[in-house]
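Notes follow the structure.
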């Protein structure tokens, strides 16, 4: 029986998430990709703030330099995130196609497409700045104007996220450039939009619950020692969010495989067919 409507898509997405867990059980090392991305972003932050501190100590004319450093930080963080996400999805696709991936194979595949990843990171950075600029336009328009501007920016950002949902899988699987990958992703979006919305909603809820649970665990240990509680809470949050992020990457890879007509291994075909019937029913 096919589940209809948005909550039906949520139910189907949960079934697919269970299959993602099975993939992660076979390739537990995949969770290291988001952890490595987080470490690299933290290192980049440290470097940028160190350079920025030295620059700002030279005088007031360094405001322009600060803007440049901020732009470098935003682009660098986006590039790191996209690169390791590409490695994660490459490894997930390898598993879904019958291979036995590891950290090295995922990174090697991402490096093969680093030129496309670099260009896509530039586009991602530009779009992030555009969305931020739109939001800033509402700050001086009163409460209602600010709310409307925020809603408009959020709508545009959500639409952009949906239309580019498959860009990274397409880049690493089909070796297309960012523009061509965006066009192809937009085409696949028509087949999968219901599950994309449900997946974003579902994974977002899981992340919130994971952070809340980690905070509760940290609070309990904090009764013994506040510092120890903060450390435990931070570690729990980092690990749980990394696991969810990894499952999201596997899910995206599986959905991409089925969207292009392949039959990803490790996933029950009935679950994927049900997901697509639900999407078609909503279209």
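Every number here is computed from the coordinates shown, using simple stated rules; none is lab data. None of the values given here were measured: they were computed from a predicted structure. For neighbour counting, all protein chains shown are included, and Cβ atoms are generated from backbone atoms with ideal geometry for every residue, glycine included.
Each of 88, 24 was scored by other Cβ atoms within 10 Å of its Cβ. Arranged with the fewest first, they read 24, 88.
Exposure proxy shown here: for 82, 41, 224, the number of other Cβ atoms within 10 Å sets the order, fewest to most, as 224, 41, 82. Of the residues 67, 170, the one with the fewest other Cβ atoms within 10 Å heads the list, and the complete ranking is 67, 170. If you average the alpha carbon positions of region 219-233 and of region 68-125, how far apart do those two centres end up, in angstrom? Distance between centres, Cα-based: 35 Å.
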